[in-house]
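Taking it in order: structure first as structure tokens, then the write-up.
FYI, it's all coordinate maths here, none of it is from the lab. Small disclaimer: the values here were computed from a predicted structure and weren't measured. Using ideal geometry, Cβ is built from the backbone for each residue, glycine included, and neighbour counts are taken over all protein chains shown.
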Amino acid sequence: MTSPQGPSSPVPAVHSRTAALVLLVVLSLVWGFHWVVVKIGLGYVPPFTYGAIRLATGLATAVVLLGAQRRLVVPPRSETWIILSVGVLQVAGGALIMNLALQVVAAGRSSVLQYTMPLWVAVLMLVFFRVRPRSNEVVGLVLGIAGLVLLLNPAVIDWSSPGEVAGSLALIFNAMLWAGVTIHIKRHTWVLSPLELQPWQLLAALVPAMIGVVVFEPGATIEWGIVPILCLLYSGPLATAFATWASQAITRSLGSQVTATGFLMTPVVGLASGWLVLGEQLGVFDVIAFGLILGGVGVTSLLAKPAPVPPERLPISAS
């Protein structure tokens, strides 16, 4: 492991457009089906333990891959806040909220609620930075919020079940966290590449996950077998380590606008796999609500024009 001697200039792993599009399809399938995989895995492994093992195996995979490329470096102090932001809020928070919510919320519904993230970016930019949303973002917000209202109405969700309501609201909060980290990523002045910071972000994520295991699941029992092992291998090396690298490679090759639109395939895959594999039922209200939400996210992502990236960081970096 080496220490950088100043700002590095890593060569981005840019693929051809065709290769990047193929990788985009593969990644959308991996992430979309991951909701079903975790739903199944939680039947054998408690949620905090599942998250900790997922992050540990993902971390080990990232360390081995970067070590083989001799790109395992000690980050400078200027990267501390982006490591904590991505690692603790997005990765650890996202994984643990996902695991807890999937115990009471359908996998397909969970994937759609999570992917409302682009809608909340516009809201957070308005609230904290007074950046007025563009016309396409306003249209996207109206469609997305209409879909959320329909998705959470008493005819679709059982409000007498505190767990289902809390799980759905937690997933929406998780999407807001993801949106906040996305803004931080866009406004951060990078010294190392995101890929070189990945092991440190996963390490930062692993710490709260392990604390959760010690506090909430000290005597947890794991029903070991081929199914939970395959689920954990899917979640760690594939859906965490590989997916993080792939998402960065795709963004560098296709640009953020095309990538954001392409990732709309992920909740579609989540819905379809939940229906096909888990037998989750889709009612008329569900289909209309999912269509409104995905349409809102699509309008927000597809029509958005690149905005200038300001040099200053989010307030989170100074806290």
Open item on the list: Explain nothing, just compute: Karplus ³J(HN,Hα) = 6.51 cos²θ - 1.76 cosθ + 1.60, θ = phi - 60°, for every residue of segment 214-226 in order, whole Hz, x for Gly and Pro.
Closed with: 5, 7, 9, 9, x, x, 5, 10, 9, 8, 5, x, 5
Task: Least to most buried among F242, F263 (fewest other Cβ within 10 Å first) - done: F242, F263
TODO: Would you mind computing, in nm to one decimal, how far apart the modelled labels at V131 and L21 are, each placed 7 Å from Cα along Cα→Cβ?
DONE: 2.9
- [ ] Report the paramagnetic label zone for W190: residues of segment 60-96 whose backbone N is under 16 Å from a point 7 Å from Cα along the Cα-to-Cβ axis.
- [x] 71-73, 75-76, 78-87
Open item on the list: Can you tell me the length gained on complete extension of the stretch L278 to V123, counting 0.36 nm per residue apart and subtracting the Cα distance?
Closed with: 52.4 nm
TODO: Can you tell me how much longer the chain between V74 and I211 gets when fully stretched, taken as 0.36 nm per residue apart minus their C-alpha distance, in nm with one decimal?
DONE: 46.9 nm
Open item on the list: Nothing charged except the Cβ atoms of Lys and Arg (+1) and of Asp and Glu (-1): what's the magnitude of the dipole of segment 17-304 about its Cα centre? Round to the nearest 20 debye.
Closed with: 960
- [ ] Kindly identify the chain as rounded, prolate or oblate by the Cα gyration tensor criterion: order the square roots of the eigenvalues as a ≥ b ≥ c, call it rounded if a/c is under 1.5, otherwise compare a/b with b/c, prolate if a/b is larger, else oblate.
- [x] oblate
